[in-house]
Amino acid sequence: MKTRSQYICQQCGYNQSQWAGKCPNCDSWNSLVETIEKAPARNAAYSVASGQIFKLQDIKIDEKKRTKTGEGELDSVLGGGLVPGMVVLVAGEPGIGKSTLLTQVALNTSPALRAPSPDSGEGNRKGILYVCGEESASQVALRVKRLQDSKIKIQDSMLLFVSTDVDEIINKIHEEKPELVIIDSIQTLTTQELAGTAGSVGQVRECAARLTGAAKRLNIPMFMVGHVTKEGNIAGPAVLMHIVDTVLWFEGERGQALRLIRAVKNRFGPTDEVGVFEMGEKGLTGVANPSQLMLAERVKNVPGSVVSVVLEGQRPMLIEIQALVVPSQLAMPRRVATGVDMARLQMLVAVLMKRAGLQLGNEDIFVNVTGGIRLADRGIDLAICLAVASSFLNKSLPGDVAAVGEVGLLGEVRKVGGLEKRVKEAKKLGYRVASAESGKSVSAAINKLLTN
Ligand code: TYD
Ligand code: MG
């Protein structure tokens, strides 16, 4: 067989036959890596059932066949549970809790998933196949042990398979016909037919495509773990997005307990659901009321603390924004943002200077979202402005006010989507919402709310 060499960008998957310092497609530097293909990348035996014509009316669709994973928060993000043959990529930074979550899923799969369905003729399925390419079997067993004596019941149906050879894994799946396959992680797998190392774009893409094909052919749901680097770059998930059915993003700060899981893509459900978990000594627990958790340690009536209501997907959540403004000792005063966008903070500070007349030019400004989550919702603009002004002026807000609104360059407060939902959530916890309705500009809001 003829071998040929290709240069594949490790960031975006672009390939060409010549090396270049900069990827012509995504402009990243030094990302092209030589990959030698030993055989045609796609092996017909591994593709989804093809070469066959179906009539639409002959295809059976059974909405009720969704099976629960046993983790309520995860189920709602999936759109109600797993669909047969559904391939779900769980992407997140190393150490965030992906293996923990999927081990829990493997341990507490509901009877619905375990019961053989009489009509499908697939009644002899047994157990959950957990493929570990990353850890040894004893490491997984150790984690199971850690999770086991909590509410989770140990089941003898979890089969461990330690391997990094994708073809061997697919053979095992065919052999065992498990009811659920968990691959931890896709970056550790390789196929002998490609020359690249594990984790290279070529390998990751090919392994994922082969596994997806197997899941579709056997109608088995499958979870795949994919690692994401700190910058959000991924030799993995980015090139995998179009191969899998569903992409779940698992995020949070490692030192903090709170974890969010959101669907970035979902062929079988909505993409605006967000699941909230808390990482504890005994694994992850779903959090039904995140607002309460976020505000648990809040000290009221202190300058620099403002509550806001964000919409994560369709889910309103109360969060606290803290700001600290102190005279700077530096020629270039510091602006430090944790959990909010840096450029946004700089813009808001500029608005405060120009439109509200606050002399922030020689001040260090620190802004922090408590709970360790990252927010992109524009609705927190007003709260950021108020928190900075509050710390600078050393005046606090009334303890029961939650500020919601986008702030424009003219210093105007704008309406944001889902206000009704936000107000309702705020009310539940005894907060009233200050929004565009109650103040038309940032300076008006500052004058009105920062009184004591
Ligand atoms: P892990 O699931 O191994 O992360 P990933 O697979 O995403 O790389 O989880 C890693 C962290 O979670 C690790 O630092 C330990 C912590 N952890 C807990 O806090 N409680 C637990 O019950 C478990 C199993 C892990
Ligand atoms: Mg892991």
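Brief remarks on what is shown
- Filter result for Q359 (surrounded by fewer than 17 Cβ atoms within 10 Å (Cβ to Cβ) and free of Cβ contacts under 8 Å to residues at least 12 places away in the same chain): yes
- Single match in I373, I380 (criterion: crowded, with 23+ Cβ neighbours inside 10 Å and not small (G, A, S)): I380
- The stretch 134-149: number of residues that are over 16 Å from V105 (Cβ atoms) and within 10 Å of ligand 1 (Cβ to nearest atom): 5
- The numbered conditions (1) touching an Asp or Glu at 6+ places or on another chain (Cβ under 7 Å); (2) open to solvent by 30 Å² or more (accessible area, probe 1.4 Å); (3) of a type outside the set (A, V, I, L, M, F, W, C); (4) touching a residue at least 12 places away in the same chain (Cβ under 8 Å) are all true for T285 except (4).
- Summed over the stretch 72-97, residues that are more than 16 Å from ligand 1 (Cβ to nearest atom) and at positive phi total 4.
- Subset of the stretch 244-283 [of a type in the set (S, T, N, Q) and part of a strand (DSSP E or B)]: T246, N266
- Considering residues of the stretch 295-310 that are modelled with pLDDT of 90 or more and hydrophobic (A, V, I, L, M, F, W, C) only, the residue most open to solvent (accessible area, probe 1.4 Å): V302
- Checked against the criterion of being modelled with pLDDT of 90 or more and more than 30 Å from M222 (Cα to Cα), the stretch 283-294 contains not a single residue that satisfies it.
- Against the test of being of a type in the set (S, T, N, Q) and under 32 Å from the mean Cα position of the chain (by Cα), the options Q346, Q359 yield a single qualifying residue, Q346.
- Considering the stretch 83-98, the residues that are buried (at least 19 other Cβ atoms within 10 Å of the Cβ) and more than 17 Å from the chain's Cα centre (by Cα) include one that is farthest from ligand 2 (Cβ to nearest atom), namely V83.
- Hey, N233 at pLDDT below 85, under 15 Å from the mean Cα position of the chain (by Cα) and in the same structural domain as G95 (by TED's automatic domain parsing) or not: yes
- Pairs are defined by a Cβ separation below 6 Å, a sequence spacing of at least 6 or placement on different chains, a first member in the stretch 218-239 that is within 14 Å of ligand 1 (Cβ to nearest atom), and a second member that is among the acidic types (D, E) and modelled with pLDDT of 85 or more; the pairs so defined are V225/D184; V228/E93.
- Count of the stretch 177-208 residues, restricted to those that are modelled with pLDDT under 85 and surrounded by fewer than 23 Cβ atoms within 10 Å (Cβ to Cβ), is 7.
- Residue match in the stretch 64-82 (condition: outside any helix (DSSP H, G or I) and within 16 Å of ligand 2 (Cβ to nearest atom)): no
- The stretch 399-422, residues that are assigned to a loop (DSSP other than H, G, I, E, B) and surrounded by 15 or more Cβ atoms within 10 Å (Cβ to Cβ): V404, G405, G408, G411, V416, G418
- Taking residues in the stretch 311-331 that are open to solvent by less than 70 Å² (accessible area, probe 1.4 Å), and partners anywhere that are in a loop (DSSP other than H, G, I, E, B) and of a type in the set (D, E, K, R), the pairs with Cβ atoms closer than 8 Å and at least 6 places apart or on different chains are L311/D377; E312/D377; G313/D272; G313/E273; R315/E273; E320/R298; S328/R334.
- Residues in the stretch 355-382 that are in a loop (DSSP other than H, G, I, E, B) and in contact with a Ser or Thr (Cβ under 6 Å, 6 or more places away or on another chain): A356, N362.
The values are calculated or read from the model by the stated rules, or taken from the named source; none is laboratory data. Note that the structure is predicted; figures quoted are calculated from it, not measured. Methodologically, a virtual Cβ is constructed for each residue, glycine included, from the backbone with ideal geometry; neighbour enumeration extends over all protein chains shown. These accessible areas exclude ligands, DNA and RNA; they are computed on the full protein's heavy atoms, side chains included. Shrake-Rupley method; radii C 1.70, N 1.55, O 1.52, S 1.80 Å.
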